[in-house]
1. Return the distance in nm (one decimal) between the two label points of a simple spin-label model at Gln315 and Leu162, each offset 7 Å from Cα along Cα→Cβ.
2. Give me the net charge for the shell around Thr229: Cβ to Cβ below 12 angstrom, other residues only, Lys and Arg +1, Asp and Glu -1.
3. Run down the lysines and flag those whose C-alpha is under 30 Å from the C-alpha of Lys364, throwing out any fewer than 8 positions away in its chain.
4. Counting only other residues whose beta carbon sits under 11 Å from that of Leu57, what net charge do I get with K and R as +1, D and E as -1?
5. Could you order the peptides 211-219, 320-328 from most to least packed, using the average number of other C-beta atoms within 10 Å per residue?
6. Extending each Cα 7 Å along its Cβ direction at Gln58 and Arg8, get the distance between those two points in nm, one decimal.
7. Using the basic label-point model (7 angstrom from Cα toward the beta carbon), what is the Ser335 to Ile110 distance in nanometres?
8. Find how much the distance from Ile40 to Tyr219 grows on full extension, using 0.36 nm per residue of separation minus their present alpha carbon separation; answer in nm with one decimal.
Amino acid sequence: MDAQLNNRIKLILTTIVIGTTIILLFHTPDFSFELCLLSIGYMVAVLIRDYIMKINLQRPKGLLFLFFQLALAIVISVLSEDFFAQIYILILIGEFTFYRSRNQSILFTIASYLICVISLRIYHYFPPFEQIYYVLPRIIEYFAIFGISLLAKIAFQQKNQLARDNEQLRIASIELERRAKLQERTRISREIHDSVGHTLTSALTGLQAASHAIGKNQYSIAVEMIDRTKENILSGLDDVRTSVHLLRENIPGHQFILELQTLIHETTKQTNVEIESHIDALLPDLSPMIEITIYRALQEGLTNGIRHGASTHFQFSLTLHTAFLRFVLSDNGKSPIHIIHGFGLNAMKERVEDVGGELSVSTKEHARGIILEITIPVQTNKIERSEQP
């Protein structure tokens, strides 16, 4: 229960107790010093409990204090024989129900009624039949207060639970938004890294070839290489724009196999490397996430092989097996002693894992070069498409 609500309930109940005490002292037909002392003592006990000792009624100490108040209230009720003295007991039932468990509250309500009746029986030898209304209807009042307090408790618990659920939902929403922004930034950085890195590597290789041709006075070849590099850069700029706006996965009517073949052809033309490729003609329809993962993996693998391994020959295959795609790209470049996963390989690994696949990078056992292998689970019961010319 929140502190503001708890303080409000305490203030209301304390006001009722003080008002009941004042009315009881003026309304009781048989006024006595003992009754006055007990009533004022009860009121003071409530004030000490709530505002000085600040006893938590949900703890054992609070339980003992409630039973002490019950005993005091029954004594006051028996001595006064007045209805207003019953208000003390009814308030205690309400408090007990609100702060304790339901089963304990039922027992407390029954005990309060039985003790009150037994006390009247002992002290007044039980009222005559015409005054029986004083005793029997009390149980209805007692359980009415119990029921009202129980409903109020349930309502407040539901309200607090709803507030907690809303707070958890708010926190989860903020966390989800944060993760979405982080994933978006990561995705954009991957796209830019893959597209820009490949474009710059191809352009650098083309310019080096042009420079070499100029050194040998082969100006026609140099001009051709510069023109190709220019086309490659323009194509790369278009790819960057697509990546920045995250539109690649939403382009309608694109042909995935043709895009892979175009990437291989452009890389061969710009860098003069050899790329042997085999792409299964019976690939199923792939999700955009899988397609972009394969495309970027091929792009990054070719870029790394040319830039870091000085590779001149690649072998690439994309084949469909029973329940997965197998991507293999190998080259004849330098074999590093230790394979270090930089930003490109880490981004590739994250892409592959996002679609449920696995990535492995290894060196060849008896030859130069690196082998990049990816397996991605796919659904094979989709409409198959044929390889585009």
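Read-outs throughout are calculated quantities, based only on the coordinates presented, and are distinct from any laboratory measurement. This is a predicted model, so every value here is computed, not measured. Cβ atoms come from the backbone with ideal geometry, glycine included; neighbour counts cover every protein chain shown.
1. 6.8 nm
2. Values: positive: Arg228, Lys230, Lys269; negative: Glu224, Asp227, Glu231, Glu266.
Taking every other residue near Thr229 into account, the sum is -1.
3. Lys269, Lys334, Lys349
4. Values: positive: Lys10, Arg49, Lys54, Arg59, Lys61, Arg100; negative: Asp50, Glu95.
Every neighbour counted, the sum reads +4.
5. On the way: 211-219: 12.1, 320-328: 15.1.
With the highest mean Cβ count within 10 Å placed first, the list reads 320-328, 211-219.
6. Placing both labels 7 Å along Cα→Cβ, they lie 1.8 nm apart.
7. According to this spin-label approximation, the distance is 8.5 nm.
8. On the way: separation 179, 0.36 × 179 = 64.44 nm, distance 11.33 nm.
53.1 nm is the gain from fully extending Ile40 to Tyr219.
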